[in-house]
1. Given the conditions (1) of a type outside the set (Gly, Ala, Ser); (2) assigned to a strand (DSSP E or B); (3) at pLDDT below 90, report the number of the one that residue 45 does not fulfil.
2. Within the range 1-32, work out how many residues are assigned to a loop (DSSP other than H, G, I, E, B) and under 23 Å from residue 106 (Cα atoms).
Amino acid sequence: MVRIGALNKLVTIEACTFTDDGSGGVDETWSSIGNIWANIKTNARLIDALEQGKGVLKSGYTITVRYPEYNPQVKTRVVYEGIIYNIVGFTELFISDKSRYWTIQAVKTIES
């Protein structure tokens with residue numbers, strides 16, 4: 001059970017759109033699709049499961065949110081206090097008549 005007080009961080013959900021750049025490539029544009037209260041916790045198992053690239057540090061997180069009107073998708077991300085968490089997966093935590101939640105698996109990547 002998720003206590004509503006545990007959702008103590010107001011995050012922004014952003015979606016990516018792709019446009020032709022006119023030179024045969026594609027430009028990525030991120031735009032906000034909504035704000036939602038969340039709980040953000042580190043996820044050591046996710047960190048261990050990720051491939052570690054040279055010069056890149058990846059940190060795994062589990063983000064719990066009340067079921068939003070939009071579904072988190074892989075090309076969606078969570079932003080909190082300027083930090084970007086790229087979504088790599090999500091599942092329904094549980095469903096009842098009054099409470100529906102998503103657990104989002106996300107990665108914060110820091111280029112060194």
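The values are calculated or read from the model by the stated rules, or taken from the named source; none is laboratory data. Please read these numbers as outputs of a predicted model, since none were measured by experiment.
1. (2)
2. At the first step, the residues of the range 1-32 found to be assigned to a loop (DSSP other than H, G, I, E, B) are 1-3, 7-8, 21-25.
Then drop every residue that is not under 23 Å from residue 106 (Cα atoms), which leaves 1-3, 7-8.
Total satisfying the criteria: 5.
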